[in-house]
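Read-outs throughout are calculated quantities, based only on the coordinates presented, and are distinct from any laboratory measurement. Keep in mind that this is a model prediction, so the values were computed, not measured. Every residue, glycine among them, receives a Cβ derived from its backbone with ideal geometry; neighbour counts consider all protein chains shown.
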Amino acid sequence: MSEESKPGWRSIPIAGILLEPGSAMKYKTGDWRAFRPVIDEEKCTYCLLCWIYCPDGAIIREEKTVRVNYDYCKGCGICANECPVKAITMVEEKK
Amino acid sequence: MSRIMGLTGDGAVAYAVKQCKVDVVAAYPITPQTLIVEEFSEYVHNGEVHTEFICVESEHSAMSACVGASLTGARVFTATASQGLALMHEILYIASSLRCPIVMGVVNRTLSAPINIHCDHSDMMGSRDCGWIQVFVENAQEAYDWVIQAFRIAEDPDVLLPVAVNLDAFILSHSLEGVEVLDDADVERFVSTRKPVFTIDPDKPITVGPICFTDYFFETKRQHVEAMNNSPKTISKVNDEFAELTGRRYGFIDTYEMDDAEAAIICLGSTAGTAMAVAKKLRDQGKRVGVIKPWVYRPFPAEQIIDACKGLKALAVLDRACSIGAPYGPLCNDVTAALYKENVRLNVFNVIYGLGGRDITPFDIEAIFNETLEVAKTGMIREPIKFVGVRE
Amino acid sequence: MVRLRDLPAEELFTSGHRLCAGCGAGIIARMTMKALRGPTVVVNATGCLEVASTIYPYTAWKVSWVHVAFENAAAVASGIEAAYKALMRRNAWGKKVDIIAFAGDGGTFDIGIQALSGALERGHDFLYICYDNEAYMNTGIQRSGATPHGAATTTSPAGTKIPGKPEFKKDLIGICAAHGIEYAATASPAYWNDYITKVRKALEVDGPAVIHVFSPCPVGMRFDSSKSIEVARLAVQTRYWPVYEVENGRYKLNIKVPKPKPVSEFLKVQGRFRHLFQPKFEHVIDEIQRHVDENWERITKLCGEA
């Protein structure tokens, strides 16, 4: 948002409060990463350790699989490092 | 039906808090506010109130707990003085910026060093920019009345700002006076229950107190200024309703014989009472003197003061605090700025008095009035700032 | 004991926050939010978690959340707890609300110790979680009372004369337990089951509870962001970070470490200890090992395990 298009003091809620819970989801941190985790679904045992250890909640837990939410993944590599069956590899992001 | 009770200034505050059905009091004792918390503790332990009284471990935590409680939607009160006010200083700004309608009794005692437990206004003046509404009272009756009105003012959705009610240390806090108190039911009806505008409700999650960078901070401060600037409407409305209930009419300032005064004193707190008594004596001698006693200090009642000064030729501004290094003491800085803003040319001089509880006597006040009359006559200010009562 | 798949999938601490990649605080916040049992309000002291999760106009919190200042999370929580009691009493509120105060080691060990002590002594019903990254990380890695002996920080740098912080770490849980509270515990995010179980247990306590959890910090402790959980595990496996709980004064060891790795295994993966691995300062590693051993001895004796 450019400076001019940001809301003025008359329209924002008082006291600097934020009324929309989870609005951080509008801020995609995915462009932070230099490496992206790639999950090999064949090897994945659905242990969910990558899911619980992700600082960003960027591993989405589905019925029987997990997948990376690349909108937010910062490429920290914890998931790859912790995966007990080495199902995740960190691949360099290409420009 | 009202009745007269013998109450100290502190006692009057505690009694008002009791009647206002406050939900949470978080306070730390400091002389001479101690009677407020002690008397209130008696009410709590005797089951006379249902207030959650948190005996916090410092004033900083007192105001912090008050902010937490206020954000939860509770009616909140605390009291402090001097060092305690200074210790909670950072949280004062946060309380007002987060729009918490907390009411606080401040028993004006000087700031160290040296340590001194007696009256001057340096404590509130040290925090006057914190964005709170600030009221000064002359006696225990006013303390009682303003605490009750303060809850209505603070909690009004058009205001939502905390209110500090200032009373002089020992002179008011510990002196017994006859105070006309209202019926519990009348007070309850007057203040009613708090209806919060926003709360940290677990069912309707909000985020309070985020970090705000250069792109948004200024807007929130602008809103705060607007709230303070809008508060006079509510203050007047509450004063009107209170007058209807009690017959006691409050406003932004109290005046004594200002209609045709040519020389006047303006001051805050209990000294105004002495000034009015001296003014009466001088009036009997035919001298045209008057007194202006601001009740509301923030928002500064510039309009009302300038109006009261119509026809005045000289004004002595009495400050019970220094603003070291500034052109004048705090009240005088405000008064002269207000006059300048409206292009009102009036001979003003500043009197710094009473620091650390140094007594100011009727003789001192009479001398000040005479000095003011001299300035009115000659049009010349001999001393822009006088220190009255200090040994040279 | 829980299974990961039984934990709620909903993220009450969402993505989109600006914590560093690999931040321990992010992991801890997410895990904590998985352990909630009902309506919850979070109080957050100033610090990494607070700043990075609520940059106006974005908030990563889907629970009601309040930040007031740095040193007063416990005092604010006290006020909230009292307010709910008062509101309930006059029937303006109907249900139990859990209050969780998050603060870093900065806002707990040092500037926040007074407010915490006061809140514990008064017995307010709330859970205080200290996520300990062992320095004032948010302001640029300055030392805190929680920084371990020998660690390099910007105010206790690895100099030629003084190799890192000369002082030792405070015993936070000892201090908390001394208040006679019902529950205090240490934890490490590498042991997610232990941590989440503890959070739930602590929430169920009627009164104050404190959890002191190790929060690995890739930037401040200086290791690759992928190693956060590894470091948090090494902390436990070297006995550097004993994992135990104190229930009404009774100590219990939760994670036994019968064959500990030498503490140097923990130190050598972190750049903040790198300066100790030169002949001049190797004795500091010995000091650290000795301190770890003495602390382990002390804790296990209290736990009846020695």
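Per-structure values
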quantity: Segment B:1-20 residues near the modelled B:His45 label - backbone nitrogen below 13 Å, point 7 Å along Cα→Cβ; calculated: none
quantity: Considering only segment B:2-246, percent of DSSP beta bridges that pair antiparallel, nearest 5; calculated: 25
quantity: Electrostatic dipole magnitude of the protein assembly as shown [Cβ: Lys, Arg +1; Asp, Glu -1; Cα centre; debye, to 20]; calculated: 2380
quantity: Mean separation of Cα contacts under 8 Å, 6 or more apart, over the residue count of chain C: relative contact order %; calculated: 16
quantity: Long-range amide H partners of C:Asp98 with built H, under 5 Å; calculated: C:Thr40, C:Val41
quantity: Total charge dipole magnitude, chain B, about the Cα centre, Cβ charges on Lys, Arg, Asp, Glu only, Debye to nearest 20; calculated: 900
quantity: Percent RCO, i.e. relative contact order, over chain B, from Cα pairs under 8 Å lying at least 6 residues apart; calculated: 16
quantity: Gyration tensor verdict on chain C (Cα atoms; rounded if a/c is under 1.5, prolate if a/b is larger than b/c, oblate otherwise); calculated: prolate
quantity: Contact order normalised by residue count of segment C:134-187, Cα under 8 Å, 6+ apart, percent; calculated: 24
quantity: Pairwise FRET efficiency - C:Arg89 versus B:Asp186, Cβ, R0 = 22 Å, nearest 0.05; calculated: 0.45
quantity: Separation between Cα centres of segment C:20-69 and segment B:251-311, rounded to whole Å; calculated: 53
quantity: DSSP-defined beta bridges in the protein assembly as shown - what % are antiparallel, rounded to 5; calculated: 35
quantity: Segment B:Glu257-B:Lys341, extension gain: residue separation times 0.36 nm, minus the distance between their alpha carbons; calculated: 27.7 nm
quantity: Sequence of C:Ile55, B:Ile115 once ranked by neighbouring C-beta atoms within 10 Å, starting from the fewest; calculated: B:Ile115, C:Ile55
quantity: Between segment A:27-92 and segment C:129-185, the Cα center-to-center distance that results, in Å; calculated: 32
quantity: Crossing angle, helix C:24-33 versus chain C [Cα axis fit, 0-90 degrees, rounded to tens]; calculated: 30
quantity: Spatial separation of Cα centroids for segment C:253-306 and segment B:34-70, in angstrom; calculated: 46
quantity: Positive-pole candidate from B:Ala26, C:Val257, C:Met31, dipole of the protein assembly as shown, charges at beta carbon; calculated: C:Val257
quantity: Residue order, fewest to most surrounding Cβ atoms within 10 angstrom, among B:Val197, B:Val13, C:Val292, B:Val22; calculated: B:Val197, C:Val292, B:Val22, B:Val13
quantity: Rounded to 10°, Cα long-axis angle of helix B:217-246 versus longest principal axis of chain B; calculated: 80
quantity: Amide H contacts of C:Gly164 (H built 1.01 Å from N, under 5 Å, at least 5 apart or other chain); calculated: C:Ala158, C:Gly159
quantity: For B:Lys287, net neighbour charge (Lys/Arg +1, Asp/Glu -1) across residues whose Cβ lies under 15 Å away; calculated: -2
quantity: Cross-link pairs beyond the 25 Å C-alpha cut-off, checked among B:Lys287/B:Lys341; C:Lys34/C:Lys169; B:Lys18/B:Lys195; A:Lys28/C:Lys227; calculated: B:Lys287/B:Lys341; C:Lys34/C:Lys169
quantity: Order of C:Ile288, B:Ile266, C:Ile27 under a 10 Å beta carbon neighbour criterion, fewest first; calculated: C:Ile288, B:Ile266, C:Ile27
quantity: Average other protein chain Cβ within 10 Å of Cβ, residues B:314-326; calculated: 0
quantity: Karplus-derived HN-Hα couplings along segment B:161-168 (A = 6.51, B = -1.76, C = 1.60, θ = phi - 60°), whole Hz, x at Gly and Pro; calculated: 10, x, 10, 9, 9, 9, 9, 5
quantity: Highest-fluctuation residue, B:Ala337, B:Ala12, B:Ala316 considered, GNM on chain B with Cα pairs under 10 Å; calculated: B:Ala337
quantity: Fully extended contour minus Cα-Cα distance, from B:Ile211 to B:Asp359, at 0.36 nm per residue; calculated: 48.6 nm
quantity: Cα-based helix-to-principal-axis angle, B:59-72 vs chain B, degrees rounded to 10; calculated: 60
